[in-house]
Amino acid sequence: MTTLGALGTAVIAGSGVFIVAYYLLINAGYLAIHVLALLQLRDSVRESAWSPSFREFDSPFYPGVAMVVPAYNEAPTIVESVRSMLALNYPDQEIVVVNDGSSDTTLERLVGAFGLRPVDAEVPYDVPSEPIRGVYRSATHEDLLVVDKENGGKSDALNAGVWLTDKELFCAVDADTLIDRDALLDVVAPFLEDPSRTVASGGTIRVANDCVVQDGQVKEINLPKTGLAGVQVMEYLRAFYSGRLGLARLKGLILISGAFGVFRTDRVRDIGGYRHDTVTEDFDVVVRLHEHLSDADVDYRIEFVPEPVAWTEVPDTLRALGRQRRRWYRGMLETVVASRRMFFRRAYGRVGTVILPFFTAAEAIGPLIEGVGYVLLPIAWYLGILNIEFFLAFLLLTVGTGMFLSWFGVFSEVWSYNRYASPWDVLRLLWYGVLENFGYRQWKTVVAWHGLIEYLRGDRSWGVMERRGFGSDAETAAAGTDETATDETATDETATDETATDETATSGQRR
């Protein structure tokens with residue numbers, strides 16, 4: 001064997017050892033987080049089983065909440081989403097829909113459905129957003145406010161809503177999201193328990209594809225008919241009932257979903273609102289809150305509440321899903337790089353010393369290393385130097401452990417709130433935990449590498465997702481004709497698919 005060949009063999013062998021050791025450490029961290037999540041879920045289930053002697057809705061202590069809904073070309077779903085929010089059980093809420101320069105009939109559908117009338121008054125102060133063209137109030141629902149503004153992106157639209165409300169709290173909600181009737185009561189619970197320290201809380205996101213929706217509420221829960229959407233159901237269960245619960249147990253939650261998160265209005269204003277130069281504003285704003293409050297030496301809480309649920313429509317084609325996941329990956333890198341000063345610094349507590357470094361190693365670097373492993377295996381086999389121990393260890397760590405942790409997430413759902421009561425549905429979810437490891441998982445490593453290349457090129461695209469809508473078939477079809485095709489390279493869209501940057505973050509398996 002030539003010196004060059006010997007060197008190549010040594011490099012491949014050394015890379016194999018590194019990859020196995022790396023994944024051994026990462027999966028040990030995943031397992032620890034999952035165990036902590038199970039303990040946290042146990043406590044949450046016990047608390048939810050306790051029935052107070054008073055009716056929560058009658059409590060005079062609930063703070064006012066503004067539901068801030070950024071909407072860009074959301075004609076197929078916007079009316080059902082607003083109806084869902086109007087039907088919520090909550091004593092003091094306002095719904096602020098921000099039409100971010102839609103080119104379809106989003107505004108017209110809102111006008112027709114809710115009898116909007118212009119508010120004959122100037123905006124009282126400067127709002128850090130693109131120019132506001134008009135403000136409308138519903139003639140039939142006094143608590144519904146619609147802001148029509150020039151297009152500026154999702155963060156810009158959120159800022160308009162945050163600055164135009166006088167409510168103590170605001171709830172960031174995607175326009176393609178339906179919220180369970182009592183979910184807002186549940187998600188604000190941390191603000192009631194500890195009002196002086198709590199600055200944010202988030203609920204659970206579930207997949208609405210193929211569920212039956214009536215009057216803005218999910219009436220019948222079904223698993224999606226297509227395998228691609230079905231796998232995402234399992235991913236979401238793993239992310240929320242394992243990953244985020246575990247981080248909450250560690251007091252290090254770094255992501256609240258952009259589809260359903262509640263924040264103290266003044267705290268978000270203090271950090272200047274949402275940044276415009278990121279495509280995952282939900283991840284970014286929570287990390288910046290950690291940074292700002294730690295720098296100011298403020299004692300605070302950021303919580304995750306598993307029981308309240310919001311329902312969202314997920315991509316059902318690989319093309320749309322790939323666009324979404326590339327964007328999530330790019331946004332994750334943006335936030336990690338922007339928050340790099342927090343790494344390994346005790347001033348930022350567990351977030352700086354443990355959570356952010358582990359998150360970066362597992363979610364940002366992990367899929368890239370996994371992708372290298374998939375490339376090395378056939379090369380080593382071709383050269384006749386494939387080490388069977390390396391192959392089995394790599395297979396166990398990437399497939400076996402991933403499958404186990406996916407089933408762990410399904411078990412957590414069945415053991416706790418059990419929305420999928422049919423044994424057949426549970427078996428399908430377990431099957432998806434197996435199936436995703438053969439083809440789907442490898443595809444996601446390619447998506448991560450693609451996302452890295454886009455990030456290094458400075459790609460700022462958002463991408464768009466075609467929506468089927470939540471209403472009846474006729475209503476959905478009518479709304480669907482309003483949609484305008486949008487180039488996926490547009491940089492000013494406010495597409496509002498669920499931006500759970502860690503959809504499987506610290507949940508046992510990379511997306």
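The values are calculated or read from the model by the stated rules, or taken from the named source; none is laboratory data. Predicted model, so just to flag it, every value in this text is computed and none were measured. Every residue, glycine among them, receives a Cβ derived from its backbone with ideal geometry; neighbour counts consider all protein chains shown. When the accessible area is computed, the model is the full protein with side chains, heavy atoms only, and any ligands, DNA or RNA have been set aside. Shrake-Rupley method; radii C 1.70, N 1.55, O 1.52, S 1.80 Å.
Here the Kirkwood formula, the inverse mean of 1/r across different C-alpha pairs, assigns the range 393-438 a hydrodynamic radius of 11.0 Å. Think of each Lys and Arg Cβ as +1 and each Asp and Glu Cβ as -1; about the Cα centre, that makes the dipole of the chain roughly 2060 debye. Projecting the Cα atoms of PRO315, ALA296, THR278 onto the charge dipole of the range 277-316, computed from C-beta unit charges around the Cα centre, puts ALA296 farthest toward the positive end. Per-residue Karplus couplings for the range 419-425, computed as 6.51 cos²θ - 1.76 cosθ + 1.60 with θ equal to phi - 60°, are listed in order as 6, 9, 7, 5, x, 5, 5 Hz, Gly and Pro entered as x.
Across the range 272-286, coupling constants 3J(HN,Hα) worked out from phi with the 6.51/-1.76/1.60 Karplus curve, θ = phi - 60°, read x, x, 7, 6, 8, 9, 9, 9, 10, 5, 5, 5, 4, 5, 5 Hz, and Gly and Pro carry x. With a 1.4 Å probe rolled over the protein heavy atoms of all chains, the accessible area of MET403, MET85 falls in the order MET403, MET85, largest first.
Could you tell me what a quarter of the Cα convex hull surface of the range 156-195 works out to, in nm² with one decimal place? List each step's numbers first, then the result.
Details: hull surface 14.3 nm².
The orientation-averaged projected area of the Cα hull of the range 156-195 comes to 3.6 nm².
Nonpolar atom fraction for the chain, defined as the carbon and sulfur part of the 1.4 Å probe accessible area, stands at 59 percent.
In terms of its Cα atoms, the range 175-231 spans 45, 26, 18 Å along the principal axes, sorted from long to short. Counted over all Cα-Cα pairs of the range 82-122, pairs farther apart than 13 Å make up 65 percent. Count Lys and Arg as plus one, Asp and Glu as minus one, and take only other residues whose Cβ is under 15 Å from that of LEU116; the net charge is then 0.
Summing -39500 (n - 2.57) over the DSSP H runs of n ≥ 4 in the chain and dividing by its residue number, what mean residue ellipticity at 222 nm do you reach, to the nearest 500 deg cm²/dmol? Before the final figure, lay out the partial values.
Numbers: 18 runs with 226 residues, N = 511.
Only helices count here, giving -14000 deg cm²/dmol.
Top to bottom by accessible area (1.4 Å), largest first, where do ASP270, ASP126, ASP282, ASP194 land? It would help to have the intermediate numbers written out before the result.
Values: ASP270 90, ASP126 140, ASP282 5, ASP194 25 Å².
Of ASP270, ASP126, ASP282, ASP194, the descending order of accessible area is ASP126, ASP270, ASP194, ASP282.
The value for the range 268-372 of Rg(Cα) / (2.2 N^0.38 Å) is 1.21. Taking all protein chains together, CYS171, CYS211 sort by accessible area into CYS211, CYS171, largest first [probe 1.4 Å].
Between SER103 and ASN89, what length comes free when the chain is fully extended (0.36 nm per residue of separation minus the Cα-Cα distance, one decimal in nm)?
Contour length minus Cα-Cα distance gives 1.8 nm.
Diffusion coefficient (Stokes-Einstein, Kirkwood radius over C-alpha pairs, 20 °C, 1.002 mPa s) for the chain: 91 µm²/s, rounded to a whole number.
Could you work out the equivalent-ellipsoid semi-axes for the range 114-164, taking the square root of 5 times each eigenvalue of the Cα gyration tensor, largest first, in whole Å? Walk me through the numbers before you get to the answer.
Numbers: eigenvalues 77, 27, 18 Å².
Equivalent ellipsoid semi-axes, largest first: 20, 12, 9 Å.
Residues in the chain average 39 Å² of solvent-accessible surface per residue, probe 1.4 Å, ligands and nucleic acids excluded. Compared with the dominant Cα axis of the chain, that is its longest principal axis, helix 227-238 is turned about 90°.
The translational diffusion coefficient of the range 138-228, from Stokes-Einstein at 4 °C and 1.567 mPa s with a Kirkwood hydrodynamic radius over alpha carbon pairs, comes to 80 µm²/s.
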